[in-house]
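Structure first, then comments.
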Amino acid sequence: MQSHRLARLLRIIIEVRTEPGKTPEQISKDLGISVRQFYYDRDQLARMDFHFSRTKGQFVILGEPEVTIGSLPLSEILTLVLAIRHLSATRDFSIVEGALKSLYKIVDHLPESQRRLLGSLIDDIIVKEGLGCRPDILKDMIEAVNEKKRILVHFRHGSPDRRVTLDPLKLCFKRSKLFLDAYLVEKKRHAQHCLETIDEIVFTPFYRPENTCT
């Protein structure tokens, strides 16, 4: 799911919650979407355990799933996903990393079906769309940086058998893309690599030397 679609789902929730009793035609017109699209989005929300009631052609929300952390409504978690998606504008990856870590903790308290759904939304909207890289690559790279692990990296357009030995230093934003600052062990120099160009990370049993410049 892309961020613009999640935003539309949130707009439907807000519209039905704040002005209950509108017909599907009225809601669709106010949101600038077709009636068919409204029903498609309503079904998506129903799969998230939002409960709707339709009486005399009018819609109301009967119930909204809550998380065990302070009875947090699911719609507020969806809003957090969208907000974190745009944190890359701060150009400070430590902020994004902290927000992601907190969001994952919240998602861990959801029922299984909602946990899978929210996990997929985080991967698609924040990591793939917002940060421009694969979720598994981001997870491994964060671990490598934080635990100072030496890694072997294969680049998407490189030779199939060619892996570069790196000491990861930090993750940072450059031209709205996520880059890795690293020390090239074999070439004995520093370099920056865009995470979207990396398609494999292999951990070695070695760690980054303490005297590696950051």
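Among the residues of segment 119-150, count how many are hydrophobic (A, V, I, L, M, F, W, C) and over 17 Å from residue 183 (Cα atoms).
Number satisfying all stated conditions: 9.
Answer yes or no as to whether residue 38 is under 23 Å from residue 121 (Cα atoms) and in contact with a strand residue (DSSP E or B) (Cβ under 7 Å, 6 or more places away or on another chain).
no
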Residues that are in contact with a strand residue (DSSP E or B) (Cβ under 6 Å, 6 or more places away or on another chain) and surrounded by fewer than 14 Cβ atoms within 10 Å (Cβ to Cβ), drawn from segment 147-169: 156
Filtering segment 86-118 down to residues that are closer than 17 Å to residue 179 by Cα and of a type in the set (Lys, Arg) yields 91
Given the residues 83, 99, 89, 182, which is the only one that is assigned to a strand (DSSP E or B) and not hydroxyl-bearing (Ser, Thr, Tyr)? 182
Restricting to segment 17-50, name every residue that is among the β-branched types (Val, Ile, Thr) and under 26 Å from residue 113 (Cβ atoms). 27, 33
Looking only at segment 16-58, count every residue that is at pLDDT 80 or above and of a type outside the set (A, V, I, L, M, F, W, C) and tell me the total. 18
Could you list all residues from segment 15-29 that are surrounded by fewer than 13 Cβ atoms within 10 Å (Cβ to Cβ) and part of a helix (DSSP H, G or I)? 18, 25
Report, by residue number, each residue of segment 145-159 that is farther than 18 Å from residue 134 by Cβ and in a loop (DSSP other than H, G, I, E, B). 147, 148, 159
Across segment 111-121, the tally of residues that are more than 18 Å from residue 83 (Cβ to Cβ) and either outside any helix (DSSP H, G or I) or free of Cβ contacts under 8 Å to residues at least 24 places away in the same chain (or both) stands at 4
Conditions first: (1) over 24 Å from residue 201 (Cα atoms); (2) out of contact with any helix residue (DSSP H, G or I) (no Cβ under 6 Å at 6 or more places or on another chain). Residue 115 passes all but one, so which condition is the exception? (2)
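The values are calculated or read from the model by the stated rules, or taken from the named source; none is laboratory data. Please read all numbers here as calculations on a predicted model, not as lab measurements. Cβ atoms come from the backbone with ideal geometry, glycine included; neighbour counts cover every protein chain shown.
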